[in-house]
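Everything below concerns the one structure shown next.
The values are calculated or read from the model by the stated rules, or taken from the named source; none is laboratory data. Bear in mind that the values here come from a model prediction, so they are computed numbers and not experimental data. Note that we place each Cβ from the backbone using ideal geometry, even for glycine, and neighbour counts take in every protein chain shown.
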Amino acid sequence: MKGKNFVAILMFLMMAALCFSSPGYVSAASFPDVSAGHRAYDEIMYLANKKIVGGYSDGAFKPDNFVTRSEAASMIGRALQLKGGYRETEYHDVPKGHFASGYIQDMSNERILAGYGNGYYGVNDKLTREQMASILTRAWTFTETSNLTFTDVGSNSPTYVPINKLATAGVVGGYSNGAFGAKDYIKRADFALMLARVLNPAFRSNPAEPKPIGIAQVTADFLNVRTAPDANASRIGQYPNGTIVNVYTKLSNGWAYVSTNSLKGYVHGAYLKDTDQSTGLKGKIIVVDAGHGDHDPGAIGYGMNEKDLTLITAKHLRDYLEAAGAKVVMTRETDIFHSLEKRVSIANLAGGQAFVSVHVNKFNGDAHGTETYYNGDNSKSAENKKLATYIQKRMINSDLNMRDRGVKEANFYVIKNQYNMPSTLVELGFIDHKEDAAKLASDTWRKKAAYQIHLGIKDYFTNN
Ligand SMILES: [Zn+2]
């Protein structure tokens, strides 16, 4: 904050305190300091037209000024269409002549507002963002909650639930560093954003799914997952050893917020091992080919179609590659059919730097295990073999518990005709073998398989 602004705010506060008068709300069709490009233009105009907010006597809106607790009371009181006016109040610092006396008492009666418990309301104190969240959830009903979290609002905080409810509804968002700014004073522009979103859902944003900052593997036998970054917080589950988790935030107290598909929460970072310390995949263009599709189901066994297993696993592979910084091009992302020629041409058009085709095997019900194929007859033979070998090694030296059927040569079309990048074809396991099929049916197993394939591709780029 600039010193000059601070003095101006102080003077304004002192004047407001001295004469207990409203800061001259002037209903205006426009404010000279809020142009159409302002981040809160639509919301401020919406509230101004409803005479819920107004400008100062000089016509300005002053979007970066902080909101006092009395200003908040009158704006929210007008939004709730309470009686307002001038009245005796229960607070020592809110005399009848104060511009917000009526609204402050209305909202105290409704238990939307509370003073400090010592007979004072804090009439000229600035309102914090978490106080705003509490007031809004008392004044309007929000029921839904989610696992959206902010680094500065632990689940033990009294404002955890109000902030979570408003974030879930798309009324509030956090800063780009993952914090809510709970203790920060709220600016008039942000106050307008929140209030307009409460009153009119059209202004709300879809809360963005937070993006992970990395991937880690659990090293403890069983790692407790808690509701807050604190060993005393309640336990909501456990990750077994070796679980791969997405990491969203790492806190200075050593805790991290992590997730798998089925469980999200706080764990202690001492039991996590970063798995993407190498930059081998950064910026690499990887083409991921899910075998078969649509009227071509591939192999069928134990009620499963190969085309579905390849697509699900390919998508997990894409997620791991992207989290490690690669650019991924999928030959298909839905249940559609592509000719083998088309798959090769997609890879070439994308300028791929590696091509990995995902398949599932079938033979006589007895055969089982993982094998990885390369073509030894094209200009990329040596590279093909390296890529296949790295992937097969990772698949076998893991907790996937698959029989090692080895790295093999073959003339499958999609790897034989791939001249511009190394290519390989992974056969995850046998769909007609009882134990292999049980593994293929498990999404946890498929994720682990995708994770190992991604490590194999990374090995290739790290070592070449
Ligand atoms: Zn196949």
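The table for this structure:
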read-out: Subset tally (residues that are under 22 Å from ASN246 (Cα atoms) and among the acidic types (Asp, Glu)) for the range 282-329; value: 2
read-out: Selection count, the range 214-249, where residues are surrounded by fewer than 16 Cβ atoms within 10 Å (Cβ to Cβ) and touching a helix residue (DSSP H, G or I) at 6+ places or on another chain (Cβ under 6 Å); value: 1
read-out: Residues located in the range 341-370, provided they are farther than 11 Å from GLN418 by Cα and within 13 Å of the ligand (Cβ to nearest atom); value: SER357, VAL358, HIS359, VAL360, ASN361, LYS362, PHE363
read-out: Members of the range 304-337 found to be within 16 Å of the ligand (Cβ to nearest atom) and of a type in the set (Gly, Ala, Ser), listed by number; value: ALA314
read-out: Qualifying residue in the range 362-372 (condition: surrounded by 22 or more Cβ atoms within 10 Å (Cβ to Cβ), under 22 Å from ILE312 (Cα atoms) and modelled with pLDDT under 95); value: no
read-out: Residues of the range 101-157 classified as in a loop (DSSP other than H, G, I, E, B), within 20 Å of GLU90 (Cα to Cα) and hydroxyl-bearing (Ser, Thr, Tyr), total; value: 3
read-out: Count of the range 442-463 residues which are closer than 18 Å to GLY429 by Cβ and touching a residue at least 12 places away in the same chain (Cβ under 8 Å); value: 13
read-out: Qualifying positions in the range 250-301 - within 16 Å of the ligand (Cβ to nearest atom), surrounded by 13 or more Cβ atoms within 10 Å (Cβ to Cβ) and not in a strand (DSSP E or B); value: GLY291, HIS292, PRO297, GLY298, ALA299
read-out: Elements of type helices (runs of 4 or more DSSP H) in the range 392-464, at least 2 residues being surrounded by 21 or more Cβ atoms within 10 Å (Cβ to Cβ) and touching a Lys or Arg at 6+ places or on another chain (Cβ under 7 Å); value: 443-462
read-out: Filter result (within 35 Å of the chain's Cα centre (by Cα), over 14 Å from ILE163 (Cα atoms) and either free of Cβ contacts under 8 Å to residues at least 12 places away in the same chain or surrounded by fewer than 23 Cβ atoms within 10 Å (Cβ to Cβ) (or both)) within the range 93-138; value: ARG111, ILE112, ALA114, ASP125, LYS126, LEU127
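Conditions tested, residue by residue: (1) of a type in the set (A, V, I, L, M); (2) on the phi > 0 side of the Ramachandran plot; (3) touching a helix residue (DSSP H, G or I) at 6+ places or on another chain (Cβ under 9 Å).
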| residue | (1), (2), (3) |
| --- | --- |
| TYR41 | no, no, no |
| ALA60 | yes, no, no |
| ALA79 | yes, no, yes |
| THR89 | no, no, yes |
| ILE112 | yes, no, yes |
| ASP125 | no, no, yes |
